[in-house]
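Asker: Sharing a structure here in structure tokens format.
The values are calculated or read from the model by the stated rules, or taken from the named source; none is laboratory data. Because the structure is a prediction, the values reported are computed rather than measured. Glycine gets a Cβ as well: all are built from the backbone with ideal geometry, and neighbour counts include every protein chain shown. Note: accessible area is taken over every heavy atom of the protein model, side chains too, but ligands, DNA and RNA are not part of it. Shrake-Rupley method; radii C 1.70, N 1.55, O 1.52, S 1.80 Å.
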Amino acid sequence: MKRFGWLAVVLLSLGLLSGCGSTPKGGADDQAGADGSGGRGVGRLGGSSSSLDDPSRRGGAGAYRYDVNVEPEHRVYFDYNSALINDKSAQVLAHNAGWILAHRPKVQITIEGHCDERGTREFNLALGQQRADAVVRFLVGQGMEAGRLKAVSYGKERPLVPSHDDSAWSKNRRGEIVLR
Amino acid sequence: MKMVLMTCLRPVGSAGGPPVRAMLRLHLWLALLVGIGLLGNGSAWAGVRIDITKGGLSPLPIAIPAFVNLSGAGQIQESGVMGSQISEVITADLERSGLFRPISRSAFLQMPDTLWRTGPQFREWRLIGAEAVTSGAVRQEGDQVVVDFFLYDVFQGTLIGKGKRFSASSRNWRHVAHRVADEIYTRLTGETGYFTSRIAYVTQKGENKKIAMMDQDGANRIELTQGNNLVLTPRFSPNGDHLFYMSYETGAPRIFRLDLLNGSSHLQGDYPGLNSAPSWSPDGSRMAFTLSMDGNPEIYVKTLSSGHLTRMTNHTAIDTSPSWSPDGQKLVFNSDRAGSPQLYVMSAAGGEPKRITFEGTYNAAPSWSPRGDLIAFVHGGGGRFRIAVATPEGKNMRVLTDSWMDESPTWSPNGRVILFSRQKGSQSQLYSIDLTGYNERLVSVGGDSDGSDPSWSPLIR
């Protein structure tokens with residue numbers, strides 16, 4: 001289940017870069033990869049044939065719309081005990097991929113996986129790794145080179161918000177995209 | 001009131017108790033078969049004794065007067081303080097176990113020096129309600145401290161066992177006291193003591209986490225890492241002279257092996273992704289741990305001498321937190337392959353894991369008792385995480401603690417006491433609890449420091 005859900009999101013996003021300004025190389029590959037996928041929104045992606053060398057183009061015709069010249073929040077959030085990239089996070093990650101490819105084409109990137117404080121230390125380290133790995137796979141699906149990305153889990157060791165309620169926990173269950 | 005689920009209680013089994021001990025005025029009211037080798041261990045003496053196969057913990061009144069200080073010629077010296085300090089350490093050990101109630105020194109009618117010279121005036125110890133009394137002496141021999149001690153049954157008016165002598169270098173005088181406490185514990189309960197042991201843990205002050213170690217009673221605290229890097233989950237080797245722990249000093253979670261004798265630390269492999277949850281095999285030759293390099297966290301076993309790596313699990317879910325059975329034949333770990341984290345047991349030779357927990361939505365961080373009869377773990381439900389025990393088949397689960405976020409259970413070397421960490425708000429401290437669910441105690445890590453991730457050493461002798 002998890003895997004297929006993730007796959008659908010990636011397939012959804014594959015054609016996106018073509019519509020929102022990416023490096024020409026990555027964009028071309030991704031566009032080809034989108035063919036034949038059965039996810040929702042794929043049909044609309046077919047209409048997105050904008051120029052790949054125009055990083056200022058606002059949004060695409062696909063599922064993800066963003067301004068590639070606006071730096072995105074380098075952070076996505078997860079549901080409790082889940083490493084699944086939800087729709088909101090997919091949007092943010094797509095924006096990150098587009099922006100990084102356009103504006104930070106060389107930097108090494110660490111993807112940190114974090115958890116809320118509930119549950120055991122070791123389980124959360126594993127869950128944080130799954131989250132970081134899921135973000136890496138998504139970004140690679142958006143055309144980023146796997147060699148630039150490194151997944152590191154911090155489990156529940158580095159909360160963003162140091163309080164102990166649902167609001168804090170929802171912000172602490174996150175993936176961080178750290179540009180070096 | 002502690003949470004002790006009554007369903008777990010089994011009657012005292014076929015071991016056949018000792019004769020009714022009229023003098024043992026313990027009001028034991030929960031029968032809980034937890035003792036191994038306690039009943040009928042062949043002792044000729046049938047006097048005062050704690051039956052710790054029973055729960056409820058009505059502690060045994062015991063008198064532990066100051067040990068007398070002897071000169072090199074064997075004369076009692078009025079001036080020494082070591083004898084008093086040693087009896088204080090023994091007193092604290094026994095009291096903290098929950099099985100003994102040391103009587104206040106101010107109640108004593110017989111002074112330590114006459115006790116040592118002439119033996120107990122049993123009538124005077126009976127008057128203050130003591131059921132056992134110790135008599136001891138300490139002297140210096142070069143740089144050694146030498147302790148002689150005797151244990152008496154007050155109501156029978158007899159020695160319990162023989163006198164015994166312990167010695168160690170003077171700076172390790174507390175160790176000698178712990179040896180005496182172990183001896184008293186063993187003679188009165190039939191189980192091995194656990195006072196000559198240490199606790200490794202993570203100490204935190206501000207943002208810095210460091211690996212630290214202390215005696216089981218909180219004395220002799222020492223920090224083992226500098227605090228420059230995040231460190232987690234120290235784990236004692238079976239002989240107590242090494243630790244595995246996790247550190248981020250390379251920028252990623254990796255396992256290191258710390259030699260406690262010389263302080264050196266070495267990376268134990270640098271596999272891509274997560275390297276976590278180290279656990280020594282009981283013979284010390286292998287490490288079970290977690291690696292994510294195959295796409296998600298799986299359990300592996302590494303032979304330490306050769307570096308040979310064996311993958312134990314193969315599932316798209318999280319598999320982590322392995323712990324060995326004391327015979328080294330099995331591993332227990334947690335996996336969320338059924339949708340939530342649950343405990344599974346598998347052969348250490350490989351094969352299909354068998355799920356053993358079915359109650360609750362979160363069962364994790366298992367720790368197999370050194371006696372083999374129980375597994376302690378974190379039991380989550382209703383938004384709370386508490387320490388529980390169950391048999392290796394998953395039967396007779398009992399929840400021992402009652403807080404919001406308890407985790408990292410680790411066993412005393414005799415399998416009697418569970419140490420764990422408890423988070424309250426943003427603070428974390430170490431606690432111990434008897435496996436009956438009684439006698440929960442804070443184990444101080446000192447001052448304003450936090451403590452977490454405890455690992456209880458084997459006996460250090």
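Asker: On average, how much area does the Cα convex hull of segment B:198-456 cover when viewed from any direction, in nm²?
Answerer: Mean projected area for segment B:198-456: 12.9 nm², to one decimal.
Asker: Pop out the ³J(HN,Hα) list for segment B:255-265 in order, Karplus 6.51 cos²θ - 1.76 cosθ + 1.60 with θ = phi - 60°, rounded to Hz; leave Gly and Pro as x.
Answerer: Values per residue, Gly and Pro as x: 9, 10, 10, 9, 8, 6, 7, 10, x, 7, 9 Hz.
Asker: So, one more: Return the loop-located GluC sites (Glu not before Pro) in segment B:388-461 (DSSP other than H, G, I, E, B) with at most 10 other Cβ atoms within 10 Å of their own Cβ; answer none if there are none.
Answerer: Working: sites: B:Glu393, B:Glu407, B:Glu440; in loops: B:Glu393, B:Glu440.
Taking segment B:388-461 and a limit of 10 other Cβ atoms within 10 Å, the loop GluC sites (Glu not before Pro) found are B:Glu393.
Asker: Any idea what the dipole of segment B:314-355 comes to, in debye rounded to 20, about its Cα centre with Lys/Arg Cβ at +1 and Asp/Glu Cβ at -1? All intermediate terms of the calculation are to be shown ahead of the outcome.
Answerer: Working: 4 positive and 4 negative charges, 18 e Å.
Dipole about the Cα centre, nearest 20: 80 debye.
Asker: Note the buried accessible area between A and B here, summed over both chains, with a 1.4 Å probe, in Å² to the nearest 100. List each step's numbers first, then the result.
Answerer: Details: alone 8810 and 19180 Å², together 25380 Å².
Buried surface at the A/B interface: approximately 2600 Å².
Asker: How high is the relative contact order of chain B? Use alpha-carbon pairs under 8 Å, at least six apart in sequence, and give a whole percent.
Answerer: Values: 1158 pairs, mean separation 51.2, N = 461.
About 11 percent, as a whole number.
Asker: Given B:Pro370, B:Gly350, B:Ser457, which one lies farthest toward the positive end of the charge dipole of segment B:302-461, if we put +1 on the Cβ of every Lys and Arg and -1 on the Cβ of every Asp and Glu?
Answerer: Farthest towards the positive pole: B:Gly350.
Asker: Could you pull out the pairs from A:Lys156/B:Lys205; A:Lys156/B:Lys330; B:Lys205/B:Lys424 whose alpha carbons sit more than 26 Å apart here?
Answerer: Values: A:Lys156/B:Lys205 17 Å; A:Lys156/B:Lys330 29 Å; B:Lys205/B:Lys424 16 Å.
The pairs that break the limit, which is 26 Å between Cα atoms, are A:Lys156/B:Lys330.
Asker: Taking Cα atoms, how many degrees apart are the long axis of helix B:82-96 and the longest axis of chain B, rounded to 10 and kept between 0 and 90?
Answerer: 50 degrees
Asker: Quick one: Cα centre-to-centre distance for segment B:202-245 and segment A:122-180, in angstrom?
Answerer: 27 Å
Asker: Right, here's the next one. What GluC sites (Glu not before Pro) in segment A:124-180 are in a loop by DSSP, with at most 14 other Cβ atoms within 10 Å of the Cβ? Mind dumping the intermediate values first?
Answerer: Working: sites: A:Glu145, A:Glu157, A:Glu176; in loops: A:Glu145, A:Glu157.
Here the GluC sites (Glu not before Pro) that fit, given the DSSP loop and packing criteria, are A:Glu145.
Asker: Also: Relative to the longest principal Cα axis of chain B, at what angle does helix B:173-189 sit, 0 to 90 degrees, rounded to 10?
Answerer: 90 degrees
Asker: Just tell me how shielded B:396-405 is by partners: mean number of partner chain Cβ atoms within 10 Å of each residue's Cβ, no decimals. Mind showing how you got there, number by number?
Answerer: Values: counts 0, 0, 0, 0, 0, 0, 0, 0, 2, 5.
Across B:396-405, the average partner-chain Cβ count within 10 Å equals 1.
Asker: Averaged over peptide B:241-249, how many Cβ atoms belonging to another chain are found within 10 Å of each residue's Cβ? Walk me through the numbers before you get to the answer.
Answerer: Numbers: counts 0, 0, 0, 0, 0, 4, 0, 3, 0.
For peptide B:241-249, the averaged partner shielding equals 1.
Asker: With just the Cα atoms defining each centre, how far is segment B:369-431 from segment B:54-111? Give it in Å.
Answerer: Answer, in whole Å: 32.
Asker: Projected area of chain B, taken from the Cα convex hull and averaged over every viewing direction, in nm²? Numbers along the way, then the final one.
Answerer: Values: hull surface 93.1 nm².
Across all orientations, chain B yields a mean hull projection of 23.3 nm².
Asker: If eta is 1.567 mPa s and T is 4 °C, what Stokes-Einstein diffusion coefficient results for segment A:64-179, Kirkwood Rh from Cα pairs, in µm²/s? Mind dumping the intermediate values first?
Answerer: Numbers: Rh = 14.0 Å.
It comes out at roughly 92 µm²/s.
Asker: Do any trypsin sites (Lys or Arg not before Pro) in segment B:80-180 lie in a DSSP loop with no more than 13 other beta carbon atoms within 10 Å, and if so, which? Mind dumping the intermediate values first?
Answerer: Values: sites: B:Arg96, B:Arg105, B:Arg117, B:Arg123, B:Arg126, B:Arg139, B:Lys162, B:Lys164, B:Arg165, B:Arg171, B:Arg174, B:Arg179; in loops: B:Lys162.
Here the sparse-neighbourhood loop sites are B:Lys162.
Asker: Defining a contact as two alpha carbons under 8 Å apart and six or more residues distant in sequence, what relative contact order in percent does segment A:64-179 show? The partial results should precede the final answer.
Answerer: Working: 220 pairs, mean separation 42.3, N = 116.
Rounded, it is 36 percent for segment A:64-179.
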